[in-house]
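Below: the structure, in structure tokens.
The values are calculated or read from the model by the stated rules, or taken from the named source; none is laboratory data. From a predicted model like this one, the values you see are computed outputs, not experimental measurements. Glycine also receives a Cβ, built like all others from the backbone with ideal geometry; neighbour counts cover every protein chain displayed.
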Amino acid sequence: MPVHADFDTMRAALPLQGALMGLDLGEKTIGLAVSDMRRSVATPLQTIRRRKFGVDAEALLALVRERGVVGLVLGLPLNMDGSEGRRCQSTRAFARNLSRLTDLPIGFWDERLSSFEAEQMLIEAGISRARRAEVIDKVAAGIILQGFLDRLAGLAHAGRGQS
């Protein structure tokens, strides 16, 4: 299945129900979050320490199977002006390589400020600096996935009032 460059093609490729997984791809770690089957809430799941692509993909796809995930949403680290830099290219390459190993639809979500937002949430919750470092990536993945889920829900609600 191809990697979907925009929200609408990704939405069209998804089955009506089933859990989605959000990924926050960092240079050293991959933060993971998963939704419920009805796609209303994203929950931070875990962080995978990056080694090499094959090992990382194997760990990721094992969790996908275990959780019954039907689609993957990768945070796209756009620059603040909306342009794409080296990190976006790396994320798109990861998605292309992953698409060779799974038939699941893979899409992107603008992750600008997700790590900052995650950090602020953890500080407000009184989480220590050491603990924040352990959980920041999976919390950022939750924020990425929740943004995607909220957009899906908004479109679903908007469509209900129309005849």
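Observations
- Residues considered: Thr43, Thr91. Of these, the only one that is polar (S, T, N, Q), touching a residue at least 40 places away in the same chain (Cβ under 8 Å) and assigned to a strand (DSSP E or B) is Thr43.
- Thr102 being out of contact with any Cys (no Cβ under 9 Å at 6 or more places or on another chain), among the hydroxyl-bearing types (Ser, Thr, Tyr), at pLDDT 90 or above and part of a loop (DSSP other than H, G, I, E, B): yes
- Scanning the range 53-82 for residues that are assigned to a helix (DSSP H, G or I) and free of Cβ contacts under 8 Å to residues at least 24 places away in the same chain gives Gly54, Val55, Glu58, Ala59, Ala62, Arg65, Glu66.
- Taken together, the residues in the range 53-91 that are charged (D, E, K, R) and at pLDDT 95 or above amount to 5.
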